[in-house]
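Only one structure is covered here, and it is reproduced in the block below.
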Amino acid sequence: MSCLAFCTCEIFDCPFHPQKHNNECAPCIQKNLKNHEIPVCFWNKIGNTENAKSDYTFYKFSQKVIECENSTQGKQ
């Protein structure tokens, strides 16, 4: 299955977007790993794209995951 079937990234002008080449998600993942960042599709999964636009770092992502988990636990 092509990654385009599940890709949630809407940054279509990014040169690493899967629509720009035939290498699936590999260029995006490679770029993110090099920069110590989390790909946009992971940010989309936790429902947070507004804050991610300026800081895709592992640290900021982990903070947002914890924040989401805490808010979900509070609703139970």
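Data overview
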quantity: Solvent-accessible area per residue, Å², over the chain with all protein chains present [probe radius 1.4 Å]; calculated: 75 Å²
quantity: Of all accessible heavy-atom area on the chain, the percent that carbon and sulfur account for (1.4 Å); calculated: 56 percent
quantity: Computed helical MRE - 222 nm, the chain, DSSP H runs ≥ 4 contributing -39500 (n - 2.57), nearest 500; calculated: -12500 deg cm²/dmol
quantity: Relative contact order (%) - criterion: Cα under 8 Å, at least six apart; region: the chain; calculated: 22 percent
quantity: Lysine pairs in the chain with Cα atoms under 27 Å, if 8 or more residues apart or on separate chains; calculated: 19
quantity: Semi-axes of the equivalent ellipsoid for the chain, Cα gyration tensor, largest first, Å; calculated: 25, 14, 10
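The values are calculated or read from the model by the stated rules, or taken from the named source; none is laboratory data. Fair warning: this is a prediction, and the values are worked out from it, not measured in the lab. Surface areas here come from the heavy atoms of the whole protein model, side chains and all, with no ligands, DNA or RNA. Shrake-Rupley method; radii C 1.70, N 1.55, O 1.52, S 1.80 Å.
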